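What follows is a set of notes on a single structure, which appears directly below.
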């Protein structure tokens, strides 16, 4: 259930990798294809989405943003790419899933937490469809360790 | 991390570092990963071989290679032999000089990664273990029904689950290796009976057999990660998993997995569990998706074309993502041969590459079709077309394909098999 207070709406999710973070939202209403989106990050100065099939995110900067999405889809390299992005500082600041996290993104989150503890990337899932309906590009997102997420505009 | 999963004393010891720091971290990763999905225990990996998705020495993936080196240095090696996705380059595939140099730079870690793979333990010698279709009999990593696997590669996982009746989650790269090292995987999702039930009923109402890659795309984009139960496809594929049915399902499944996130599908009267359990596999609250000719056309019409010049003359055609089966290579040879004969022509109009595993290519080379294909100017390669297209210089080329997976991940433009056959055999304007 979301709570609203003076331009800030709060959603409660489940903290997959707990942490604190504030970042600007970028929103994908369809599944986020990690490989298709992030495969060019090695030659980009800042990671941008290159997935032609994602009209919400195509050509937008992902690095350092609060990536809001239903789930990830596509290649099983997904978790591995997320882990590498985290290790090299090319990752979104945090991942916010409206649904239950998929197994590829879950792998990315856990691999990053266990093998790259020096670069935390908070991940929250089960924020609900209402979250994804509400959040817009440019909203300021604040994540708390208990999995609650503030959306300010 | 609070451990809620019930571990054996041996597993607890591993978690506590009895076999070193790397193994403890492998264990912790598997436990945390499983607990996200409520796994209560680990179950043994019973499949004979593992399959890894990472086959390419992409320079950006340095952290993965570092992690693998740590595992090797600490003796954390798989308890089973491995196959692996296809290699990223092959000198036989058309590529200009600069593009070749760029490929060498992008995949500069290939040599050292191949050495790591050798230490991790590949199933076959040379290049014979490198294919996304390792489940083909020629390659020999063919799981049995009910086998628990620790695989990655979306097209291989969906094939193993659906066509072979094995049990494997959609594992990410690295996680699949961890399962092969530990010898067990967390019990959740497609490993459980409940997780294999269908969330969707797909009613196929087309007027002819749909293109496998287009049908898979439509279903994948609709059901995403859920399990579809497809009714009406047995009318075209029959009720036996013969080579033409398995080839169709290979391409269909790859499209469901890449255009969506499908890890398991059931085909009524055809795939093993659907044959045994029928509609008992369908969940009570399953949703329905009706697919007609119009639905498929709409899906196809909505694919974006991101060529700089959408009217450009195609410069290359890739067939075989996932890698082709032997029967598929023969069938395509006959299709092209007949088409060219009708047009009074001898060679394909667009440089064309068929991709398949080296064991399948070796078998193909023993057939009369091999010479015919060569005469028509078609190149046969073990390459991963997706990795070829990841080269920024190749991305600017107008490449066509009948693979919906390749379309999804690259700038390649999708055409149906019938359209591709026509484009390759007729004069290009």
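The values are calculated or read from the model by the stated rules, or taken from the named source; none is laboratory data. All figures in this text were calculated on a predicted structure; none of them were measured in a lab. Here the Cβ positions follow ideal geometry from the backbone for every residue, glycine too, while neighbour counts run over all protein chains shown.
Within the option set B:286, B:261, B:274, B:254, being under 24 Å from residue B:154 (Cβ atoms) and assigned to a loop (DSSP other than H, G, I, E, B) holds for one residue only, B:261. Out of A:2, A:107, one residue alone is more than 14 Å from every other protein chain (Cβ to nearest Cβ) and on the phi < 0 side of the Ramachandran plot. It is A:2. Return yes when residue A:126 is at the interface with chain B (Cβ under 10 Å from one of its Cβ atoms) and either under 28 Å from residue B:178 (Cα atoms) or free of Cβ contacts under 8 Å to residues at least 12 places away in the same chain (or both) and no when it is not. So residue A:126 fails the test. Only one of the numbered conditions (1) surrounded by fewer than 22 Cβ atoms within 10 Å (Cβ to Cβ); (2) in a strand (DSSP E or B) is not met by residue B:245, and that is (2). Only one of the numbered conditions (1) farther than 12 Å from residue B:291 by Cα; (2) surrounded by fewer than 19 Cβ atoms within 10 Å (Cβ to Cβ); (3) outside the structural domain of residue B:61 (by TED's automatic domain parsing) is not met by residue B:203, and that is (1).
If the condition is being more than 25 Å from residue B:131 (Cα to Cα) and either under 22 Å from the mean Cα position of the chain (by Cα) or crowded, with 20+ Cβ neighbours inside 10 Å (or both), then the stretch B:37-60 contributes B:39, B:42. Of the numbered criteria (1) touching a strand residue (DSSP E or B) at 6+ places or on another chain (Cβ under 7 Å); (2) at positive phi; (3) surrounded by 19 or more Cβ atoms within 10 Å (Cβ to Cβ), the one residue B:230 fails is (2). From the list B:372, B:408, the one residue that fits, being in contact with a helix residue (DSSP H, G or I) (Cβ under 6 Å, 6 or more places away or on another chain), part of a helix (DSSP H, G or I) and at pLDDT 95 or above, is B:372. Among all residues of the stretch B:83-98, there is none that is more than 10 Å from every other protein chain (Cβ to nearest Cβ), over 30 Å from residue B:396 (Cα atoms) and more than 24 Å from the chain's Cα centre (by Cα). For the stretch B:377-405, the set of residues classified as in a loop (DSSP other than H, G, I, E, B), in contact (Cβ under 8 Å) with a residue 60 or more places away in the chain and more than 14 Å from chain A (Cβ to nearest Cβ) consists of B:382, B:383, B:397, B:398, B:402, listed by residue number. One residue stands out among those in the stretch B:12-55 that are free of Cβ contacts under 8 Å to residues at least 60 places away in the same chain and under 17 Å from residue B:72 (Cα atoms): the one that is nearest to the other protein chains (Cβ to nearest Cβ), which is B:25. Right, residue A:22: more than 27 Å from residue B:38 (Cβ to Cβ), surrounded by fewer than 24 Cβ atoms within 10 Å (Cβ to Cβ) and modelled with pLDDT under 95 or not? Here the answer is no, as residue A:22 does not meet what is asked. The numbered conditions (1) part of a loop (DSSP other than H, G, I, E, B); (2) more than 8 Å from every other protein chain (Cβ to nearest Cβ); (3) at pLDDT 95 or above are all true for residue A:101 except (2). Residues that are within 14 Å of chain A (Cβ to nearest Cβ) and within 20 Å of the chain's Cα centre (by Cα) within the stretch B:181-203 comprise B:189, B:190, B:191, listed in sequence order. Taking the criterion of being within 14 Å of the chain's Cα centre (by Cα), in a loop (DSSP other than H, G, I, E, B) and closer than 29 Å to residue B:151 by Cβ, the residues of the stretch A:58-80 that qualify are A:62, A:70, A:71.
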